[in-house]
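Peer 1: Quick one: structure below, then a few questions.
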Amino acid sequence: CVLCGWTDDCPEKYGEKRTYVEYNLTVHYYCLLMSSGIWQRGEEDEGVDGFLITDIRKEVNRAAKLTCNICKRKGASIGCVAPKCKRSYHFPCGIQRGCIFQFMEDFRSYCWEHKPVQTFMDNEPREVSQCTICLDLVEHLPAYAVLKSPCCKNAWFHRDCLQYQALSAGIFFFRCTVCNNKDKFQKEMLRMGIHIPEKDASWELEENAYQDLLQCYQHCDVRRCLCKKGRDYNEPDSQWEIKRCQYCGSRGTHLACSSIKSREQNWDCMECRSILAKSGKYSTQKKRSLAASEKGHGTTCLLEEPSPKSPRQSSGSQRNFLLQSPKIMCQNNLSPCSHLEVPASNRVTMSLSPLMSNRDWSLRQKYLREQRREVCNILKELKVQINTKTTRLNVNAENIWNSALKGFRQRNFSPINTIEINFTNCKTRLKTDTSAASKHHFFQLLMLHLQNSSLFEGSSAKNLSLDFQAVKENIYFEAGKMIAISLVHGGPSPGFFSKTLFDCLVYGPEHVKPVLEDVADVDVAQTIRTIKYANSLSSLQSTIHDCYEFLAAAGCLRPVTALCDKNMLVNDILIHHVIKRIISPLESFREGLKTLGVLEKMQVHPEAFSSILCHKPERLSAETICDLFTICCSSNVNKVKGAEFWMGYLQDVEGGESVVTLEDILLFVTGCSSIPSVGFDPEPTIKFLRIRHPIGNRLLNCLELPITKTYQQFKNKMELTIRNTLK
């Protein structure tokens with residue numbers, strides 16, 4: 001640069017570096033703007049943005065006589081505007097020394113001694129908070145590198161973060177990231193030397209940035225699409241025309257797949273139907289007609305929700321279902337063996353609601369299993385975002401929370417990077433553990449810590465609690481982010497959310513009605529019970545008098561003139577204690593769950609996500625393990641005989657006739673003691689080989705089993721190998 005003499009090309013710091021070959025001239029744009037002896041005397045298309053070439057050369061000659069007070073070299077074209085101050089300096093030198101350059105009006109410059117500073121109260125505590133742009137920690141100090149929001153008391157930023165944000169957002173979109181104030185915020189930032197370019201935001205200038213909004217949704221989302229040409233096939237004015245949901249327009253169905261008789265007939269997707277039902281706007285008559293239609297045309301299995309129908313179990317031995325259930329794939333034809341389809345007459349229909357009747361526990365479990373299979377497919381779609389770039393986290397297993405918090409808050413951490421876990425002091429992990437196994441174990445410990453932390457309250461079904469220190473340190477956001485990352489990266493699901501918490505996250509707190517079971521505080525719960533079960537007006541008024549201070553602090557005081565008023569009072573207390581009291585943690589928690597698009601999918605598929613967030617994972621069974629593995633073998637004889645031994649062994653393990661457990665088998669093969677919500681990658685397989693002992697290949701999730709003559713030999717080898725490996 002002819003003005004500062006620096007060769008650096010950093011547009012964020014020094015402005016665009018421009019070279020004009022015909023004039024033999026290279027200059028930083030900010031050096032030109034801030035130079036004290038030059039003005040824009042030309043039009044915008046003349047010279048360098050209105051700075052004439054002759055004027056630039058005169059300024060270079062003038063600056064050549066001035067010495068920089070910082071680096072002691074010639075060419076200091078910028079001077080401090082403070083009266084009687086004689087300091088001159090180069091633009092990059094001024095940046096390094098903490099000078100302030102105001103990119104407004106007549107482009108003033110202030111040296112390090114006379115620069116404007118932000119007011120900082122002497123009694124204001126020197127705390128540490130998060131920069132709301134980069135989420136890294138920032139100290140509350142009157143320093144050049146730190147700026148305070150003029151409109152929000154507790155909003156602090158790194159100067160570099162604000163500058164990058166301003167360059168990206170431009171003058172039309174640059175505003176306070178906390179309260180969205182624009183005028184007051186921009187005025188203060190310009191005074192403190194932040195350059196806000198007069199341009200549109202970078203995302204507005206991107207070519208075809210909003211092209212996706214112009215596309216019309218064309219996909220059949222029903223559970224079982226009948227169209228032979230695929231779910232994306234659309235033929236107008238026929239039974240294969242795709243009809244979109246009349247409410248959201250983001251779900252579709254072929255007319256034939258949902259038994260829609262004419263194109264004028266409206267169709268509602270299951271998500272919108274569920275939301276309308278919760279709000280009370282979905283008429284009972286509409287539900288009845290829908291049920292009648294499904295019963296008459298047999299289209300229940302075509303709904304976009306997982307099929308609620310499940311085959312009845314026969315009264316025969318449990319091994320019979322195992323002989324039919326495994327996915328046996330032979331190498332000679334590479335096609336899964338087909339399952340026998342159970343006739344529709346032998347099926348049991350079940351409600352789509354996740355709140356199943358306790359009269360049939362088996363049906364409830366099968367319903368949850370279907371929902372978990374759907375979640376697995378949804379999470380696999382989200383997992384496509386994960387790239388191959390690796391972020392390595394060093395984790396102390398004995399201090400899992402601080403290790404996780406430090407790792408997730410480090411500057412180079414990105415949720416779309418592949419995560420590798422290195423346990424620094426955990427001696428219990430096997431040397432054969434793969435990266436996926438270590439990662440699963442890390443998330444398992446993390447979910448257990450969250451469940452028992454002060455962020456949640458309750459026994460088994462938990463709600464958010466109010467922890468002021470956690471709110472101050474933005475811990476609720478981090479907790480939500482950790483859960484979202486765990487789901488997509490192959491960790492376990494929490495499984496401890498209450499229905500109230502889940503509904504607040506999915507539908508919004510304003511649409512949720514809490515119940516007495518949501519109150520974890522014993523004293524508050526007792527107060528509510530006393531009010532709820534008051535049997536006379538005098539006893540009710542006496543109870544209200546006794547807890548007057550509590551009701552006043554909660555904002556729940558109301559005139560009570562009749563005994564029936566207690567119902568509204570109880571409802572007010574529940575809403576305050578369970579929802580309004582924790583509204584700030586809830587919003588932070590929701591923001592964290594937006595990581596990798598998890599919350600958006602929860603809102604689209606609430607029934608499915610409820611099965612993993614509000615319910616503990618199903619205990620492993622012989623059927624589950626059998627369905628999990630695909631059997632691959634080259635010989636039909638070995639396939640049939642080996643599969644029979646394998647299934648028999650699973651039955652013995654489940655029945656307690658073995659020294660190992662089903663969890664041990666899964667751990668031996670995959671390194672995980674439970675099945676992740678997103679499933680395994682690659683999917684577990686079984687090979688029957690002529691080897692002496694079983695081998696668990698955790699890199700491929702492959703179980704290599706020996707071919708034996710008798711079942712007892714097979715069982716002995718399995719137990720000896722698994723027990724010794726996991727010891």
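The values are calculated or read from the model by the stated rules, or taken from the named source; none is laboratory data. Bear in mind that the values here come from a model prediction, so they are computed numbers and not experimental data. Cβ: placed from backbone, ideal geometry, glycine included. Neighbour counts: every protein chain shown. Please note that ligands, DNA and RNA were not included when accessible areas were found on the heavy atoms of the full protein model with its side chains. Shrake-Rupley method; radii C 1.70, N 1.55, O 1.52, S 1.80 Å.
Peer 1: Against the conditions (1) touching a strand residue (DSSP E or B) at 6+ places or on another chain (Cβ under 9 Å); (2) open to solvent by 40 Å² or more (accessible area, probe 1.4 Å), where does S610 fall short? Just the number, please.
Peer 2: The single condition S610 does not satisfy is (2).
Peer 1: Condition check: touching a Phe, Trp or Tyr at 6+ places or on another chain (Cβ under 6 Å) and open to solvent by 20 Å² or more (accessible area, probe 1.4 Å). Does R73 satisfy that?
Peer 2: no
Peer 1: Follow-up question, since we're still on this one. Being open to solvent by 10 Å² or more (accessible area, probe 1.4 Å), of a type outside the set (S, T, Y) and within 17 Å of the chain's Cα centre (by Cα) is the filter here; which residues of the stretch 490-503 pass it?
Peer 2: Once the filter is applied, which keeps residues that are open to solvent by 10 Å² or more (accessible area, probe 1.4 Å), of a type outside the set (S, T, Y) and within 17 Å of the chain's Cα centre (by Cα), the stretch 490-503 yields G490, P492, D503.
Peer 1: Just wondering, is there one or more residues in the stretch 205-218 that are modelled with pLDDT of 90 or more and outside the structural domain of F157 (by the TED database)?
Peer 2: Looking for residues that are modelled with pLDDT of 90 or more and outside the structural domain of F157 (by the TED database), one finds none in the stretch 205-218, hence no.
Peer 1: Give all pairs with beta carbons closer than 9 Å in which a residue from the stretch 553-566 that is open to solvent by 90 Å² or more (accessible area, probe 1.4 Å) meets a residue that is outside any loop (DSSP other than H, G, I, E, B); count only pairs at least 6 apart in sequence or on separate chains.
Peer 2: P559/D565; T561/L537
Peer 1: Still on this structure, I have one more. Test each condition in (1) open to solvent by 40 Å² or more (accessible area, probe 1.4 Å); (2) modelled with pLDDT under 75; (3) among the β-branched types (V, I, T) for V384 and report the one that comes out false.
Peer 2: (2)
Peer 1: Six or more apart or on different chains, Cβ under 7 Å: which pairs go from a residue in the stretch 206-234 that's small (G, A, S) to one that's surrounded by fewer than 16 Cβ atoms within 10 Å (Cβ to Cβ)? Could you list them?
Peer 2: As it stands, the answer is A209/W203, since those pairs meet every condition given.
Peer 1: Quick one: would you say E271 is modelled with pLDDT under 70 and either under 26 Å from the mean Cα position of the chain (by Cα) or hydrophobic (A, V, I, L, M, F, W, C) (or both)?
Peer 2: So E271 fails the test.
Peer 1: I'd like the residue in the stretch 163-222 that is among the acidic types (D, E) and part of a helix (DSSP H, G or I) and, out of all such residues, is surrounded by the most Cβ atoms within 10 Å (Cβ to Cβ).
Peer 2: This residue is E188.
Peer 1: Here is a follow-up. Under the condition of being among the aliphatic types (A, V, I, L, M), within 30 Å of S536 (Cα to Cα) and touching a helix residue (DSSP H, G or I) at 6+ places or on another chain (Cβ under 6 Å), which residue from the stretch 570-607 is surrounded by the most Cβ atoms within 10 Å (Cβ to Cβ)?
Peer 2: V578
Peer 1: Restricting attention to the stretch 692-704, and to residues there that are assigned to a loop (DSSP other than H, G, I, E, B) and open to solvent by less than 50 Å² (accessible area, probe 1.4 Å), which single residue is farthest from A437 (Cα to Cα)?
Peer 2: By that ranking, first place goes to P694.
Peer 1: Exactly one of (1) at pLDDT 90 or above; (2) closer than 30 Å to T500 by Cα; (3) open to solvent by less than 60 Å² (accessible area, probe 1.4 Å) is unmet by L352. Its number?
Peer 2: The single condition L352 does not satisfy is (1).
Peer 1: Something else about it: Give the residues of the stretch 676-691 that are of a type outside the set (A, V, I, L, M) and open to solvent by 40 Å² or more (accessible area, probe 1.4 Å), sorted by residue number.
Peer 2: Of everything in the stretch 676-691, those that are of a type outside the set (A, V, I, L, M) and open to solvent by 40 Å² or more (accessible area, probe 1.4 Å) turn out to be D681, P682, E683, K687, R690.
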